[in-house]
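Enquirer: Before we start, here is the structure in question, set down as structure tokens.
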Amino acid sequence: MREIDLPQRSPRGGRRKLDRLWLEALERSGPSIILAHAPATPPAELSRGIEEFNQMLFWHCHETLEGLWLNTAYPLRLFYQAVIKVSVGFQHLSRHNRLGARAQLADAVRLLRLMPPSFLGVRN
């Protein structure tokens, strides 16, 4: 496996650019880089966020996972970002905001396609 030569933390104000660069790198390299950075067990916040999602508490899921996402280095943070985007997409659907839902879910699908089919207890 080839290591990706990109920063694992974004400089202030540079998150979107670094997200894009990591996304492009993952599209070229595949899921092996994500697997190399995976924790041995899923974080408790991820498990709690999934429970909230399954209970249709989409905003709570987003809030639960946001801290995890903010405190995680690349490339793993893109996985948490994908799960958050799914949750936000469903929150938009629950409010009948189809445009917002479509945008969030399209972003989530793009990210999840780069992940292993089953990762940290989440099947995509």
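Enquirer: Which cross-chain or sequence-distant (5 or more) residues have an amide H under 5 Å from the amide H of F119, H modelled 1.01 Å from N in plane?
Expert: HN-HN under 5 Å from F119: N124.
Enquirer: Which ³J(HN,Hα) values, rounded to whole Hz and listed in residue order, are derived for region 117-124 from phi using the Karplus coefficients 6.51, -1.76 and 1.60 in 6.51 cos²θ - 1.76 cosθ + 1.60 with θ = phi - 60°, glycine and proline given as x?
Expert: Working through the residues one at a time gives x, 9, 9, 6, x, 10, 9, 10 Hz.
Enquirer: Which listed residue (N71, W22, L120) has the Cα farthest towards the positive end of the charge dipole for the chain, taking +1 on Lys and Arg C-beta and -1 on Asp and Glu C-beta about the Cα centre?
Expert: W22
Enquirer: Which value in deg cm²/dmol, rounded to the nearest 500, describes the helix-derived mean residue ellipticity at 222 nm for the chain, given -39,500 (n - 2.57) per DSSP H run of n ≥ 4 and division by the residue count?
Expert: -20000 deg cm²/dmol
Enquirer: Would you look at the GNM of the chain, springs on alpha carbons closer than 10 Å, and say which of R20, R77, R12 moves the most?
Expert: In this elastic network of the chain, the residue with the biggest mean-square fluctuation among R20, R77, R12 is R12.
Enquirer: Then there is this: With a 1.4 Å probe and all protein chains left in place, how much accessible area per residue does the chain have, in Å²?
Expert: 61
Enquirer: In the chain, which whole DSSP H runs stretch at least 27 Å along their own axis (Cα) and average 0.0 or higher on the Kyte-Doolittle scale?
Expert: 76-94
Enquirer: Students sometimes get this wrong: rank H96, H37 by accessible area, probe 1.4 Å, all chains present, largest first.
Expert: The residues order as H96, H37, largest area first.
Enquirer: While we're here: What number comes out for the charge environment of G49, summing +1 per Lys or Arg and -1 per Asp or Glu over other residues with Cβ under 11 Å away?
Expert: Cβ neighbours under 11 Å give a net charge of -4.
Enquirer: Then there's this: Over all distinct alpha-carbon pairs, what is the Kirkwood Rh of the chain in angstrom?
Expert: This gives a value of 14.8 Å.
Enquirer: About its Cα centre, how strong a charge dipole does the chain have in debye, to the nearest 20, once Lys and Arg get +1 and Asp and Glu get -1 at the Cβ?
Expert: That gives a dipole near 420 debye.
The values are calculated or read from the model by the stated rules, or taken from the named source; none is laboratory data. Just so it is clear, the model here is predicted, and its values are computed rather than measured. Every residue, glycine among them, receives a Cβ derived from its backbone with ideal geometry; neighbour counts consider all protein chains shown. Calculation scope for accessible area: heavy atoms of the full protein, side chains included, ligands and nucleic acids excluded. Shrake-Rupley method; radii C 1.70, N 1.55, O 1.52, S 1.80 Å.
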